[in-house]
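Here the structure comes first, spelled out in structure tokens, and everything after it is commentary.
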Amino acid sequence: MRRSLTLAVLALAMLGLAAGAAAQSNPGPAPTIVIVHARPMTSLDGGTLFQAYCASCHGGDGKGQGPAAFATHEPPSDLTLIRVAQPERDCGLYVKSVLLEGHRTGPTEKPIGERDLDMPNWQPIFRALSADPLLAEVRIVNLSRYVVALQAAR
């Protein structure tokens, strides 16, 4: 479980590093990836959770241009285009399934393991942040609803 938690917050650590690197006028060596642990939040609001846990990769607007996006196998998904890319799917159920199962965009020769995921499985991460396991489900549902709302913004 600690590995999942570490993987998920890896992107949060890279947020600060990428922002600092982008601000430099002369490009230097690639930023170092620093692993930090997720900080518990009391908020259950989908938008607040998105900004805290998702925006480092997916960008504050959900379009996949977050400052830590460089560290993934492929660029993070543009979350505002889910309904366009997959009109036959229920957007909310799809987002919820990705949050629960994670998603790998890199090579697929190996079985999916925690280290292979570009998009982590958030359920064990959210469970580790609170003594109440039901709060993990509430966070996942609220994040799903927030991403669905991003679809209407287009």
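The values are calculated or read from the model by the stated rules, or taken from the named source; none is laboratory data. Not measured: the values here are computed from a predicted model. Methodologically, a virtual Cβ is constructed for each residue, glycine included, from the backbone with ideal geometry; neighbour enumeration extends over all protein chains shown.
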For the range 60-90, what are the residues that are more than 12 Å from the chain's Cα centre (by Cα), part of a helix (DSSP H, G or I) and more than 15 Å from residue 150 (Cα to Cα)? 70, 71
Hits in the range 84-103 - residues which are of a type in the set (Lys, Arg) and crowded, with 17+ Cβ neighbours inside 10 Å: 96
Can you tell me how many residues within the range 66-77 are over 12 Å from residue 118 (Cβ atoms) and in contact with a His (Cβ under 8 Å, 6 or more places away or on another chain)? 1
What's the total number of residues in the range 124-154 that are modelled with pLDDT under 90 and either farther than 24 Å from residue 40 by Cβ or polar (S, T, N, Q) (or both)? 4
Could you tell me whether any residue of the range 52-65 is surrounded by 15 or more Cβ atoms within 10 Å (Cβ to Cβ), at pLDDT 75 or above and touching a His at 6+ places or on another chain (Cβ under 6 Å)? yes
